[in-house]
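Just so it is clear, none of the values below were taken in a lab; they were calculated from the coordinates. These numbers come from a predicted model, not from an experiment. Glycine gets a Cβ as well: all are built from the backbone with ideal geometry, and neighbour counts include every protein chain shown.
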Amino acid sequence: MAAKLAPIRLQPDHWIDWGAFLGGGAGPVQERYPQARRWVAEVLPELAERSREQWRSQAARTWWAPWRREVDPVWLSTSPDSVPWPEEGVQLLWANMALHAHSDLPTLLRQWEQSLAVDGFLMCSGLGPDTARELRALYRVLDWPLPTIDFIDMHDLGDALVEAGFADPVMDMERITLTWASAEELLAELRTWGGNVAQGRLAGLRTPRWRADLVQELGRALRRPDGRLGMTVEVVYGHAIKPTPRHKLAPETKVSLNDMRAMIKHGAPKR
């Protein structure tokens, strides 16, 4: 996703690294914008501490890198609605592989839009609907509850961004086939991908017998001609900007102070 920053001219002063531990933005984004203040947003204090430890480890290994001259990042484990970044918002929100980590995507997108300054831009990505299609098909055959959420299609994501208040969304996607030597290796790697917000998943623990059956079925259903187990991953990318606020004209129209400032600074949008 960092390669998609190349044509963007805006130089952020502040940016949010949403879900930083898995998002991988610390290196490529800071290398491109070394002067920008980085705000790390994680949903839980434990995840914020994990990101902090990751940053310390990377900083120790790359003290010589040009982007290491930036001001130390600020870690957040609360809602960005009340954090002390500039009142007008940040110029970039980076949310790599974050779309599928929240069960309420419309609320999340509105939160991102509110965190951005006018003309600020969002860079986001997440898993698309073809992800784990082989695994989902296997669960259907076995009459088990589906193991994942219904990942969002890139066209639906574009519509959701507009509904959340963003403008000029640009969507992209790619499909990748991952392979493993065994079902055990496949399951071990899936556990490193983060949480699973799928509704209706079994709340309790599975039995050793169930897991043995799963391993056996994975080896049968996902086996490729070369002997390895294969599974599809679809990655959906989204880019959009926050436009100047628009308000419908009425006999009485209420405009927030921040929106009024943005409209004066950037000019009211043409109708």
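Model label points for ALA203 and ASP159, set 7 angstrom from Cα along the Cα-to-Cβ axis, are 3.3 nm apart. Simple rule: put +1 on each Lys or Arg Cβ and -1 on each Asp or Glu Cβ in segment 97-231, find the dipole, and look at PRO129, GLY227, THR177; the Cα lying farthest toward the positive end is GLY227.
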